[in-house]
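Student: Below: one structure in structure tokens.
The values are calculated or read from the model by the stated rules, or taken from the named source; none is laboratory data. Everything numeric here is computed off the predicted structure, so don't read it as measured data. Neighbour counts run over all protein chains shown; Cβ positions are idealised from the backbone, glycine included. Ligands, DNA and RNA are stripped out before the accessible areas are found, and what is left, the full protein with its side chains, is counted by its heavy atoms. Shrake-Rupley method; radii C 1.70, N 1.55, O 1.52, S 1.80 Å.
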Amino acid sequence: MRVLNYLELEGRLDRSGISTSVDHQRAALEQSEADVTYLTTPWYGGDMKLAAINRVAHGQGLASFDIAHCNMIGPGSALVARQARKKDIPLVLHAHVTSEDFAESFRGSNLLAKPLRRYLRWFYSKADLVLCPSEYTKETLEAYPIDAPIRPITNGIDLESVAGHEQFREEYRERYDLSGMVVFAVGSVFERKGLTTFCELAQQTDYDFAWFGEYDGSLLGSRTVRKWTKNPPANVTFTGWVEDKRGAFAAGDVFCFPSKVENQGLVVLEAMACGKAVVLRDIPVFREYYEDGHDCLLCSSEAEFRDALQRLESNPDLRERLGKNARETAENHSLERVGEELIDAYEEVATT
């Protein structure tokens with residue numbers, strides 16, 4: 001079976017969670033013993049311009065594959081979807097994007113969320129099968145509604161990608177002047193990720209807070225992001241992009257992620273894989289995957305977040321227990337599991 005595993009604009013998305021998820025898919029397929037190979041570009045000869053010329057000259061613009069699996073929603077993916085339906089090639093669309101998790105990201109994203117939802121309803125409905133990261137996302141898409149079967153599949157975690165993180169602890173804590181119990185987050189800085197809650201928690205406590213990840217301080221960034229990153233509380237550090245994410249997970253002690261909407265939250269699994277105590281907002285997708293008091297602490301208000309941080313500072317044994325259980329949870333989202341579920345999805349669409 002030859003599968004197109006396509007991430008449109010792959011070069012521009014290389015620092016995104018979507019790109020990490022696609023990396024996991026490909027690594028999982030490589031590790032699988034199933035008779036499946038994949039290609040990453042749909043274009044004949046590997047280049048869109050050459051493919052267009054070849055289509056005019058010889059009538060063939062797309063490469064040859066048995067199943068099309070698209071991970072984004074742009075014009076290139078729409079073209080692949082159109083051609084797949086035209087050629088009767090099974091089409092799998094991966095719903096990494098919803099209008100809900102698009103909102104509160106960059107400037108103007110809230111205004112675009114509603115028309116995006118209409119587009120996603122049309123686009124995802126073209127699929128023979130829609131994959132998504134969680135039951136929560138499935139229910140969200142069903143409410144659009146999407147006229148296609150929907151199957152949840154974990155984004156997974158590459159445990160090797162965070163192996164050896166401990167060696168970076170002293171370097172990164174010294175680089176960013178961090179000490180004591182460091183409360184941290186990792187990933188792009190958006191209000192949807194709980195930026196205001198993160199900063200207000202810092203204002204109410206004496207811990208060092210650090211957010212490792214890119215942020216847009218220009219006019220393209222949201223007003224809230226500009227507000228907090230230009231004038232952060234005295235105990236908050238916004239590091240910008242870091243070259244090795246292991247340094248971020250090494251420097252921090254308590255992973256605080258008050259995100260308002262997630263389809264799964266890959267960075268949570270990465271923090272768990274590093275054995276960190278994790279404090280999350282109590283939203284459906286986290287309830288689906290994690291258990292309060294076992295592998296995380298779930299909080300519904302700033303007061304609960306503040307109390308959780310105080311408990312973790314005063315009780316190192318609780319931090320250790322949560323971190324140990326979190327590591328076991330992360331291991332349940334292995335690449336082996338991702339590969340098995342992907343192969344099963346491909347076989348389903350290939351035989352229907």
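Student: So, with +1 on the Cβ of K and R and -1 on the Cβ of D and E, and no other charges, what is the size of the charge dipole of the chain about its Cα centre, to the nearest 20 debye?
Tutor: Roughly 1740 debye, rounded to the nearest 20.
Student: Turning to a different aspect of this structure: With θ taken as phi - 60° and the coefficients 6.51, -1.76 and 1.60, list the Karplus ³J(HN,Hα) couplings across segment 257-262 in order, rounded to whole Hz; mark glycine and proline as x.
Tutor: The phi angles translate into 9, x, 4, 7, 9, 9 Hz.
Student: Please figure out what share of the DSSP beta bridges in the chain is antiparallel and state it in percent, rounded to the nearest 5.
Tutor: Close to 10 percent.
Student: Continuing with this model, one more query. May I ask you to compute the full-extension gain from residue 151 to residue 220, defined as 0.36 nm times their residue separation minus their alpha-carbon distance, rounded to one decimal in nm?
Tutor: Gain on extension, residue 151 to residue 220, equals 21.4 nm.
Student: While we're looking at this one, here's another question. Past 18 Å, Cα to Cα: identify those pairs from 138/245; 193/227; 87/126; 138/193; 276/324; 126/260, in the order given.
Tutor: Over 18 Å apart, Cα to Cα: 138/245; 138/193; 126/260.
Student: Can you find, among 273, 297, 346, the residue farthest towards the positive end of the dipole of the chain? Put +1 on the C-beta of Lys and Arg, -1 on that of Asp and Glu.
Tutor: With unit charges placed on the Cβ atoms, the residue in question is 346.
Student: Okay, moving on. Sequence-distant or interchain residues sharing an amide H contact under 5 Å with residue 125, placed H: which?
Tutor: So residue 125 has HN proximity to 147.
Student: Within the chain, what whole-number % of the accessible surface is contributed by carbon and sulfur, with the 1.4 Å probe and all protein chains included in the calculation?
Tutor: Looking at the chain in its full context, I get 47 percent from C and S.
Student: For 1, 272, give me the order by solvent-accessible area with a 1.4 Å probe, most accessible first, ignoring ligands, DNA and RNA.
Tutor: 1, 272
Student: Taking amide H positions as placed in the peptide plane 1.01 Å from N, state which residues far from residue 240 in sequence (5 or more) or on other chains have amide H under 5 Å from it.
Tutor: The list, which skips near neighbours in sequence, is 213.
Student: Net charge around residue 306, counting only other residues with Cβ within less than 14 Å of its Cβ (Lys, Arg = +1; Asp, Glu = -1)?
Tutor: Here the count lands on -4.
Student: Per DSSP H run of n ≥ 4, the term is -39500 (n - 2.57); total these for the chain, divide by its residue number, and report the mean residue ellipticity at 222 nm rounded to 500 deg cm²/dmol.
Tutor: Estimated from H runs of four or more residues: -13500 deg cm²/dmol.
Student: How large is ³J(HN,Hα) for each residue in segment 214-228, as worked out from phi by the Karplus curve 6.51 cos²θ - 1.76 cosθ + 1.60 (θ = phi - 60°), to whole Hz, x for Gly and Pro?
Tutor: Listing the rounded values in order: 5, 8, 9, x, 7, 5, 6, x, 6, 4, 5, 4, 4, 4, 6 Hz.
Student: For segment 246-303, which GluC sites (Glu not before Pro) pass both filters: DSSP loop (anything but H, G, I, E, B) and at most 13 other C-beta atoms within 10 Å?
Tutor: 291
Student: Along the charge dipole of the chain, pointing to its positive end and built from +1/-1 on Cβ of Lys, Arg, Asp and Glu, which listed residue (94, 204, 24) has its Cα farthest out?
Tutor: 94
Student: Find out how many positive minus negative residues lie around residue 319, taking Lys and Arg as positive, Asp and Glu as negative, among other residues whose Cβ is under 14 Å from that of residue 319.
Tutor: In short, 0.
Student: Apply the Karplus curve 6.51 cos²θ - 1.76 cosθ + 1.60, θ = phi - 60°, to the phi angles in segment 83-92 and return the couplings in whole Hz, x for Gly and Pro.
Tutor: Along segment 83-92, the couplings run 5, 4, 5, 5, 9, 6, 9, x, 10, 10 Hz.
Student: Sticking with this one: Rounded to the nearest whole Å², what accessible area per residue is found for segment 159-332 with the 1.4 Å probe?
Tutor: Value for segment 159-332: 42 Å² per residue.
Student: To continue, here is another question. According to the square roots a ≥ b ≥ c of the eigenvalues of the Cα gyration tensor, what is the shape class of segment 105-166, taking rounded for a/c under 1.5, prolate for a/b larger than b/c otherwise, and oblate for the remainder?
Tutor: oblate
Student: Could you work out how far apart the two model spin labels at residue 144 and residue 301 are, taking each label as a point 7 Å from the Cα in the direction of the beta carbon, and quote it in nm?
Tutor: 3.6 nm
Student: From the Cα gyration tensor of segment 159-332, with a ≥ b ≥ c the square roots of its eigenvalues, which class applies: rounded if a/c is under 1.5, or else prolate if a/b is larger than b/c, or else oblate?
Tutor: rounded
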